[in-house]
Amino acid sequence: MSESFEQMGAILQTHIDTDHEFLSWLGTTVEHVDYGEMTMAIPYDEKLTNTRPGRGDHRPDIHGGVAATLIDTVGGLVFHTDFDKPTESGAATINLNVNYLRPATGDLEATATIVRAGQSVGVSEITVESTTPDGETTEVATGQGSYRLFRVD
Ligand SMILES: CC(C)(COP(=O)(O)OP(=O)(O)OC[C@H]1O[C@@H](n2cnc3c(N)ncnc32)[C@H](O)[C@@H]1OP(=O)(O)O)[C@@H](O)C(=O)NCCC(=O)NCCSC(=O)Cc1ccccc1
């Protein structure tokens, strides 16, 4: 990871922690930034899970909206790696698609890659993995988003 992308990750993390009530409440972290790719994570928390009476001592799975939020967020923020002026430019979600592959019963980590970054519209693909406390990592969701890009050049 180059120094400027490392710095971008630190700036995004500060923005989340200090300015963004929802993402900071979810415990969202920026894990990795490089040109055209970004990884973000949300830790497992009971407050985010589906409670299903009669499931015995099964660890409850995380509500799908949390993975969708992570997909939406990292899928949009990844375009900052393509902006000439990343702090002044922005992205807004136009359309989002999520396929849930398996229940997520551990921490979520999503990696977005840019499929196409045009002048005003971008498309990204996102993969979400979940790691349980005993260290098992599985792919739990995939997504694709399209975003209106507000470039300041
Ligand atoms: C903007 C557009 C997609 C239409 O596009 P065009 O027909 O090309 O529109 P036009 O060029 O005429 O633009 C004018 C309008 O654009 C707006 N705007 C301007 N600058 C910015 C900016 N920097 N950021 C955002 N919006 C900006 C402003 O309202 C302005 O209206 P005004 O000039 O005040 O009258 C519209 O359908 C829309 O806003 N949809 C709702 C989208 C939505 O709410 N998605 C969910 C939220 S994203 C999320 O939660 C996840 C996430 C996290 C992190 C990162 C990424 C994602």
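So here's what we get for this one:
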quantity	calculated
Sole exception among (1) over 30 Å from GLU46 (Cβ atoms); (2) under 16 Å from the mean Cα position of the chain (by Cα) for PHE83, by number	(2)
Extreme residue, farthest from the ligand (Cβ to nearest atom), among residues of segment 46-80 that are among the aliphatic types (A, V, I, L, M) and without any contact (Cβ under 8 Å) to a residue 60 or more places away in the chain	LEU48
Sole exception among (1) surrounded by 17 or more Cβ atoms within 10 Å (Cβ to Cβ); (2) within 12 Å of the ligand (Cβ to nearest atom) for SER120, by number	(1)
Residue within segment 81-88 that is within 12 Å of the ligand (Cβ to nearest atom), modelled with pLDDT of 95 or more, surrounded by 13 or more Cβ atoms within 10 Å (Cβ to Cβ) and under 19 Å from VAL30 (Cα atoms) present	yes
Residue check for ALA112: within 15 Å of the ligand (Cβ to nearest atom), loosely packed, with under 11 Cβ neighbours inside 10 Å and at pLDDT 95 or above	no
Cross-chain or 6+ apart pairs with Cβ under 7 Å, segment 1-24 first and in contact (Cβ under 8 Å) with a residue 40 or more places away in the chain and farther than 21 Å from THR69 by Cβ, then exposed (fewer than 12 other Cβ atoms within 10 Å of the Cβ) and of a type in the set (A, V, I, L, M, F, W, C)	none
Residue tally, condition within 16 Å of the ligand (Cβ to nearest atom) and either more than 16 Å from the chain's Cα centre (by Cα) or closer than 13 Å to ILE62 by Cβ (or both), over segment 123-140	1
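The values are calculated or read from the model by the stated rules, or taken from the named source; none is laboratory data. Only a predicted model underlies this, so the values are computations on that prediction, with no experimental measurement involved. Here Cβ is always computed from backbone atoms with ideal geometry, including for glycine, and neighbour counts include all displayed protein chains.
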